[in-house]
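**Student:** This structure is in structure tokens; I'll ask about it shortly.
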Amino acid sequence: MTRQATIGKVDQIPRGEGRKFRLGGVEIAVYHTQSGEVFASQSDCPHAGGPLADGLIGAANVICPLHERFFDLRTGACLGGDCAGLRIYPVALTAEGGIMLEIDEEGPTAAG
């Protein structure tokens, strides 16, 4: 079963940057690409716990600022390096610019 939650406004995140949000006891990184797309994932890199919201944001990817692990934000797959994929949260924008996450009651999805 899934539920939806709005965690903030997209205008809180400049294009090309990420921000960390908290939903309940979970920290989530939300990314706003230069093209205006929005993605969400777990906040810490699975390799060494780097803050992914502070990473370099590309078209649909993020590079961890600590050890340059490269992740696809659409799938969560690790594209460079030898680490696990990211937990990805489906995200949509409301008509008012709210960031709405879809959360699986059993936990977020993860790429292998």
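The values are calculated or read from the model by the stated rules, or taken from the named source; none is laboratory data. What you see is a predicted model, and the numbers here were worked out from it, not measured in a lab. Here the Cβ positions follow ideal geometry from the backbone for every residue, glycine too, while neighbour counts run over all protein chains shown.
**Student:** So, Arg15, is that one surrounded by fewer than 15 Cβ atoms within 10 Å (Cβ to Cβ) and part of a strand (DSSP E or B) or not? Reasoning before the result, please.
**Tutor:** Numbers: surrounded by fewer than 15 Cβ atoms within 10 Å (Cβ to Cβ): yes; part of a strand (DSSP E or B): no.
Taking the combined requirement at face value, the residue does not satisfy it.
**Student:** Let me ask something additional. Of everything in the stretch 65-87, what is at pLDDT 95 or above, hydrophobic (A, V, I, L, M, F, W, C) and under 22 Å from Arg15 (Cβ atoms)? Give them in sequence order.
**Tutor:** Listed by number, the residues that qualify are Phe71, Leu73, Leu86.
**Student:** Here are some residues: Ala95, Ala84. Which one is aliphatic (A, V, I, L, M) and in contact with a strand residue (DSSP E or B) (Cβ under 7 Å, 6 or more places away or on another chain)?
**Tutor:** Working: Ala95 fails: in contact with a strand residue (DSSP E or B) (Cβ under 7 Å, 6 or more places away or on another chain).
Among Ala95, Ala84, only Ala84 is aliphatic (A, V, I, L, M) and in contact with a strand residue (DSSP E or B) (Cβ under 7 Å, 6 or more places away or on another chain).
**Student:** Of all residues in the stretch 33-54 being out of contact with any His (no Cβ under 9 Å at 6 or more places or on another chain) and either hydrophobic (A, V, I, L, M, F, W, C) or under 11 Å from Tyr89 (Cβ atoms) (or both), which is surrounded by the fewest Cβ atoms within 10 Å (Cβ to Cβ)?
**Tutor:** Of all residues in the stretch 33-54, those out of contact with any His (no Cβ under 9 Å at 6 or more places or on another chain) come to 33-37, 40-44, 46, 49, 51-54.
Retained after the next criterion (residues that are either hydrophobic (A, V, I, L, M, F, W, C) or under 11 Å from Tyr89 (Cβ atoms) (or both)): 40-43, 52-53.
Details: Ala40: 26, Ser41: 27, Gln42: 19, Ser43: 23, Leu52: 28, Ala53: 22.
Within the stretch 33-54, the match that is surrounded by the fewest Cβ atoms within 10 Å (Cβ to Cβ) is Gln42.
**Student:** Report, ordered by the first and then the second residue, all pairs with beta carbons closer than 8 Å, sequence separation of six or more or different chains, a first member in the stretch 62-85 that is farther than 14 Å from Gly50 by Cα, and a second member that is of a type in the set (S, T, N, Q).
**Tutor:** From residues that are farther than 14 Å from Gly50 by Cα, the pairs are Asp72/Asn61; Leu73/Ser41; Leu73/Asn61; Gly76/Ser41; Gly76/Thr109; Leu79/Asn61.
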